[in-house]
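To start, the structure under review is shown below, and the notes come after it.
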Amino acid sequence: MPVPVPRQRAIPAVESGQAQAASAVGGPSREALEATAAFKAQEAAPPKGDPVEKNNGTNLTLLLIEDDPGGSAIVPEMLDPTGKPIRVRTARNLTEAERLLTDDVHCILLDLALSAPGQAADDELAVLKHVLKLAPRHAVLALTASGDAERGAEAVRVGAQDYLFRDELDGRLLSRAIRYAVERKRSDTAERRLAEGRVRAQENRRLERGLLPTPLLEGSSLRFAARYRPGRSRALLGGDFYDTVRTPDGTVHAMIGDVCGHGPDEAALGVELRIAWRALTLAGLCGDELLGTLQQVLEHERADDEIFATLCTVDIAPDGRSAGLCLAGHPSPLLARPGRPARLLPYDNNGPALGLLPGARWPRMQVELGREWSLMLYTDGLIEGHIGEGRERLGQDGMVELVRRQLDAGLSGEALLRAAVNEVRDLNGGELTDDVAVLLLDRAG
């Protein structure tokens with residue numbers, strides 16, 4: 001005898017173990033089932049204690065919550081698709097149900113005629129709401145009086161997976177309804193987790209995007225461009241960091257650095273060092289004094305004594321024709337001027353990386369820039385990519401030649417950086433595993 005539910009929402013078959021599209025009242029959508037498949041593919045096992053477990057050959061267990069003196073006689077004998085009996089536990093009230101609600105229960109069959117603690121006179125679904133709060137991870141079937149389809153449909157809207165009529169059950173269709181409810185709950189759970197994952201990813205992207213610097217160059221004639229590509233998959237922020245500010249005396253200060261490692265801890269430390277550098281620079285520190293203070297910040301904030309950071313800082317004079325350069329274990333910037341081949345600035349006085357040597361010193365070198373120039377600061381992710389399938393790396397010389405060709409082709413600013421990073425990636429034969437940050441300052445004649 002078929003279960004007398006409204007015809008427009010007949011219980012779909014789950015004999016094959018795969019729920020099909022359900023009714024207008026709230027069956028799982030095709031997208032939800034696809035989400036379930038995707039979730040199964042990426043989750044080898046459900047969270048510990050999740051009752052909606054994968055099919056592992058164990059019997060399904062039903063918890064019947066009803067106060068009929070006849071006991072569980074209303075539930076006929078049922079078999080799962082493998083022919084194993086579906087086990088039934090019976091609770092006469094919600095207190096007993098809470099005691100019997102263990103992790104091996106897959107589905108709850110709830111009599112809506114039960115009363116809930118503190119139930120309002122006009123709240124016919126108070127018991128269902130109580131059970132949903134008590135068992136948020138369990139599939140729930142609502143049991144209502146014959147002909148009370150409106151109350152059953154409202155139960156589905158509130159959160160039950162389906163509803164059945166109390167006095168018109170048979171074993172075959174009830175077992176199918178139980179398996180459908182379990183599958184639908186799994187689908188709903190997967191869809192919810194995927195949605196939560198998307199929200200978290202969006203929040204993380206907004207957070208990381210907000211941590212990237214906004215250059216403070218108001219009043220300067222220099223043009224600024226930057227390119228950033230983190231090595232971590234699906235991340236916007238890595239261990240590389242950069243910044244540019246103009247102080248009231250007209251000096252433009254630029255910095256680029258690299259925290260060893262590629263995880264979120266290294267990214268967080270890079271942000272701390274960048275913010276500290278900006279604050280110290282605006283406070284008037286530069287050169288050896290600034291780097292020494294940054295080393296103290298790193299030593300206090302790093303998670304491990306072996307963590308270090310390389311750094312390159314330049315302070316460009318207000319007239320734009322000269323600059324001071326400090327290197328802390330970092331590659332030297334590239335300088336390009338019209339009519340002359342691009343070249344690396346001197347790095348003979350390169351000091352140690354921050355965090356390696358207590359009491360270290362970082363000499364400041366004075367360099368001449370000229371009237372018209374482009375100055376490119378970069379991290380080692382740009383030069384450590386491989387060339388083709390071999391073990392040979394691009395290196396600084398290869399990077400200089402690459403930039404020379406692009407300058408000769410008339411590229412500048414954002415277009416130059418984009419082309420440089422893309423060519424390095426192509427030479428590597430795919431995405432670079434290290435973080436890459438590149439900063440470009442230009443002065444027109």
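The values are calculated or read from the model by the stated rules, or taken from the named source; none is laboratory data. Because the structure is a prediction, the values reported are computed rather than measured. All Cβ positions, even for glycine, are placed from backbone atoms using ideal geometry, and neighbour counts span all protein chains on display.
For the range 295-308, does any single residue satisfy the condition of being assigned to a loop (DSSP other than H, G, I, E, B), surrounded by fewer than 22 Cβ atoms within 10 Å (Cβ to Cβ) and over 32 Å from the mean Cα position of the chain (by Cα)? Within the range 295-308, not a single residue is assigned to a loop (DSSP other than H, G, I, E, B), surrounded by fewer than 22 Cβ atoms within 10 Å (Cβ to Cβ) and over 32 Å from the mean Cα position of the chain (by Cα). Filtering the range 135-166 to residues that are surrounded by 24 or more Cβ atoms within 10 Å (Cβ to Cβ) and of a type in the set (D, E, K, R) leaves only D162.
Applying a threshold of 8 Å to beta carbon distances and a minimum spacing of six or more residues, or different chains, the list of pairs starting in the range 80-103 at a residue that is more than 17 Å from V127 (Cβ to Cβ) and polar (S, T, N, Q) and ending at one that is modelled with pLDDT of 90 or more and buried (at least 18 other Cβ atoms within 10 Å of the Cβ) is empty. For the structure I just gave you, tell me whether P318 is free of Cβ contacts under 8 Å to residues at least 60 places away in the same chain and closer than 27 Å to G284 by Cα. For P318, the condition - free of Cβ contacts under 8 Å to residues at least 60 places away in the same chain and closer than 27 Å to G284 by Cα - is not met. Being farther than 22 Å from L269 by Cβ, buried (at least 16 other Cβ atoms within 10 Å of the Cβ) and among the charged types (D, E, K, R) is a property that D319 lacks. Residue check: T313 meets all listed conditions (1) out of contact with any Ser or Thr (no Cβ under 7 Å at 6 or more places or on another chain); (2) at pLDDT below 95 but one, namely (2).
Summed over the range 130-152, the residues that are part of a loop (DSSP other than H, G, I, E, B) and under 12 Å from V105 (Cβ atoms) give a count of 3. Of all residues in the range 81-92, those satisfying the criterion of being more than 15 Å from L109 (Cβ to Cβ) and in a loop (DSSP other than H, G, I, E, B) are P81, T82, G83, K84.
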